[in-house]
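Single-structure report; data block below.
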Amino acid sequence: MTNKASDALLFFRAWLSAPLRVASVTPSGRALSSLMTTEISADTGTVIELGPGTGVFTEALLNRGIAEENLVLVEYGSEFASQLSDRFPAAKTVQMDAAQLRKLPIHASAPVGAVVSGLPLLSMPLRKVHAILEGAFSHLRPGGAFYQFTYGPRCPIARPLLNRLGLKATYIGCTLANVPPAAVYRINRRRPRRSFERTHQYPLSNVQKNPF
Ligand SMILES: C[S@@+](CC[C@H](N)C(=O)[O-])C[C@H]1O[C@@H](n2cnc3c(N)ncnc32)[C@H](O)[C@@H]1O
């Protein structure tokens, strides 16, 4: 059996045993892997990948010039995690829930420039999505970005949650050449407002006194 066929079988079996966690019957295709990594280059530095599965985005990251030792692979499924550590021995593979990401010590030679997420955020409770984003942005350098794909019609991270974390989502593109078709979003920190805007946006009389 080829690698591709055995990966497809491993993925399908994992989906049968944990359909909500795996959330797809087949690994992402080449077109989605390319779209997910389109803004990534050797200059990105360290990349954290969440939910790599059989490693299709991992391969694409290597093809974009990311050094294998600058990859941190965070995968909950033991079936995928052991294969990832065999296949990418120089990367740091961690079998854990991505919601615990904040606690993960990352000793990399380059700052974390991107988080690439294959996680099924739409099937996760809001509190978990909150923890994942908070953890990701606790590691990301200023200007770093979080990339997320979705099979849904809009960004899978709700606007109120983005606002609460001071983040914004930008649509990168979509591909029909994936089963199912998927769209990719970039999540960034919002630029802090300049101090001029902060001090001059409201007249002083509108500033509420602390009622307590
Ligand atoms: C839709 S699959 C994507 C796999 C791969 N990135 C791809 O595109 O083919 C979701 C992946 O996220 C993993 N996953 C789901 N929940 C997770 C969690 N809380 N922490 C880490 N990995 C998780 C699953 O085991 C699976 O590998």
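Laboratory data are not the source of any read-out in this text; all were calculated from the coordinates shown. Only a predicted model underlies this, so the values are computations on that prediction, with no experimental measurement involved. No Cβ is skipped: glycine too gets one built from the backbone with ideal geometry, and neighbour counts run over all protein chains shown.
The helices (runs of 4 or more DSSP H) found wholly in the range 19-100 and carrying at least 3 residues that are more than 9 Å from the ligand (Cβ to nearest atom) occupy 30-36, 56-63, 78-87.
Name the residues in the range 101-154 that are hydroxyl-bearing (S, T, Y) and either assigned to a helix (DSSP H, G or I) or in contact with an Asp or Glu (Cβ under 8 Å, 6 or more places away or on another chain) (or both), would you? S109, S117, S123, S138, Y147 - these are the residues of the range 101-154 that are hydroxyl-bearing (S, T, Y) and either assigned to a helix (DSSP H, G or I) or in contact with an Asp or Glu (Cβ under 8 Å, 6 or more places away or on another chain) (or both).
Inside the range 116-135, residues that are within 12 Å of the ligand (Cβ to nearest atom) and within 12 Å of the chain's Cα centre (by Cα) make up a count of 9. Has the range 168-178 got at least one residue that is closer than 21 Å to L101 by Cα and free of Cβ contacts under 8 Å to residues at least 60 places away in the same chain? Yes, some residue in the range 168-178 is closer than 21 Å to L101 by Cα and free of Cβ contacts under 8 Å to residues at least 60 places away in the same chain. Take A8 and tell me if it is near the ligand (Cβ under 7 Å from one of its atoms), surrounded by 15 or more Cβ atoms within 10 Å (Cβ to Cβ) and over 15 Å from V72 (Cα atoms). No, not satisfied.
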